[in-house]
Amino acid sequence: MQICRYTAAMAGLHPQVVHFTIVLAILGVAFRLLSLLGRPAFASPTASTLLLLAALSGFVSAQTGDAAHGPVERIPGVRDAVVEHEAWGERARNILIVVGLIELVGLAMWRSSRLRTVHITAAVVGLVAVAFVYEAAEHGGDLVYSYAGGPGIRSGDPEDVQRLLLAGLYHQTLKDREAGHLTEAGELAAFAARRFPNDIEVRLFAAESMLLDRKDPQAAIAALASIDVPPDNRILRTRRATLQADAFEQAGQKDAAVAVLQPIVEAYPTNTRLKQRLDELKGAGPAEAR
């Protein structure tokens, strides 16, 4: 049990540590290249410090990555991406350690006439290391953003998984709608509303789906009427009123659409978009609206 907690804690540190590795490697190599010009004087010791820290950070990054990959690779279809990222991470770790060892040799030979050769070697190998770090980072980004490897499960908090599910439902609804798969889009939005019945934004999203996907304004009108929006929340008040106006208009009830939108326009007179929408409902032309 203690080992599992330790592994989870290590896995949770992976996103933070890898960013340190990236920055330390890039800055360390940049300062090592700068030091080859012979100035400024602090460039060489700064390069050594940064590259040694990069080697240490690279080792920790690989360790935390190993701790994190188990739950991620069990996601269907993600294993190959995990293996690829892991392989590049290990390559980056290994070559950063090599650069660190070269820097240690340089520190031991600080009075030697061959010190410049050591620093040139460190710079060349360091450039390769930066390329490896970039590849590891690119595959890591692909794993996270294309496969959702990590979001929702890193902290172990069940609410994070809930947010991941909601994000997936939302984006897939939009994609189905764009593709013309309105039935599927409506089903996903309805499922989201059932899964998150106390989330006002989800309920508004589901009501919007009734208009756009199901083409059922009466159902949308009923759903929106049942949603209590905090009176001090301008964004939610505006969204509900706009959706209600759209639903009433789609149902052929323009007077009702005007009635729900008018108080919101009066409450937020600087919102020109709402004012324009109200003018359209009232039948005002562009000249009148101005």
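The values are calculated or read from the model by the stated rules, or taken from the named source; none is laboratory data. In this text, all values refer to a predicted model and were calculated from it rather than measured experimentally. FYI the Cβ positions are ideal-geometry reconstructions off the backbone, even for glycines, and counts take in every protein chain you see.
Only one residue in Ala259, Ala247 is closer than 26 Å to Lys282 by Cβ, in contact (Cβ under 8 Å) with a residue 40 or more places away in the chain and in the same structural domain as Gly168 (by TED's automatic domain parsing). Which one? Being closer than 26 Å to Lys282 by Cβ, in contact (Cβ under 8 Å) with a residue 40 or more places away in the chain and in the same structural domain as Gly168 (by TED's automatic domain parsing) holds for just one of Ala259, Ala247, which is Ala247.
The single condition from (1) more than 32 Å from the chain's Cα centre (by Cα); (2) surrounded by fewer than 14 Cβ atoms within 10 Å (Cβ to Cβ); (3) not in a loop (DSSP other than H, G, I, E, B) that Arg273 fails is (1). Going by the structure shown, is Pro231 more than 17 Å from Ala189 (Cα to Cα) and assigned to a helix (DSSP H, G or I)? Answer is no for this residue.
Tallying residues that are surrounded by fewer than 21 Cβ atoms within 10 Å (Cβ to Cβ) and under 20 Å from Pro197 (Cβ atoms) within the range 240-257 yields 0. For the range 85-99, the criterion of being within 16 Å of Ala148 (Cβ to Cβ), assigned to a helix (DSSP H, G or I) and under 21 Å from the mean Cα position of the chain (by Cα) is met by at least one residue.
Being modelled with pLDDT of 95 or more, under 30 Å from Gly70 (Cβ atoms) and aliphatic (A, V, I, L, M) holds for only one residue in Ala247, Ala192, Ala206, Ala219, and it is Ala192.
Restricting the first member to the range 36-51 and to residues that are assigned by TED's automatic domain parsing to the domain that holds Val98, and the second to residues that are among the aromatic types (Phe, Trp, Tyr) and part of a helix (DSSP H, G or I), the beta-carbon pairs closer than 8 Å and six or more apart or on different chains are Ala43/Phe31; Ser44/Phe31; Thr46/Phe31; Ala47/Phe31; Leu50/Phe31.
Filtering the range 187-225 to residues that are of a type in the set (S, T, N, Q) and closer than 18 Å to His171 by Cα leaves only Ser209. If you filter the range 100-147 down to residues that are in a helix (DSSP H, G or I) and of a type in the set (Phe, Trp, Tyr), you find that the one that is nearest to the chain's Cα centre (by Cα) is Tyr145. Residue count for the range 74-84 satisfying the condition of being in contact (Cβ under 8 Å) with a residue 12 or more places away in the chain and in a helix (DSSP H, G or I): 3. Given the condition in a loop (DSSP other than H, G, I, E, B) and within 31 Å of the chain's Cα centre (by Cα), answer yes or no: does some residue in the range 242-262 qualify? Within the range 242-262 (the criterion being in a loop (DSSP other than H, G, I, E, B) and within 31 Å of the chain's Cα centre (by Cα)), the answer is no, since none of the residues qualifies. For the range 187-201, filtered to residues that are surrounded by fewer than 16 Cβ atoms within 10 Å (Cβ to Cβ) and over 22 Å from the mean Cα position of the chain (by Cα), the residue that is nearest to Lys215 (Cα to Cα) is Phe191.
Can you spot a residue in the range 55-66 that is part of a helix (DSSP H, G or I), of a type outside the set (Asp, Glu) and modelled with pLDDT under 85? Within the range 55-66 (the criterion being part of a helix (DSSP H, G or I), of a type outside the set (Asp, Glu) and modelled with pLDDT under 85), the answer is yes, since at least one residue qualifies.
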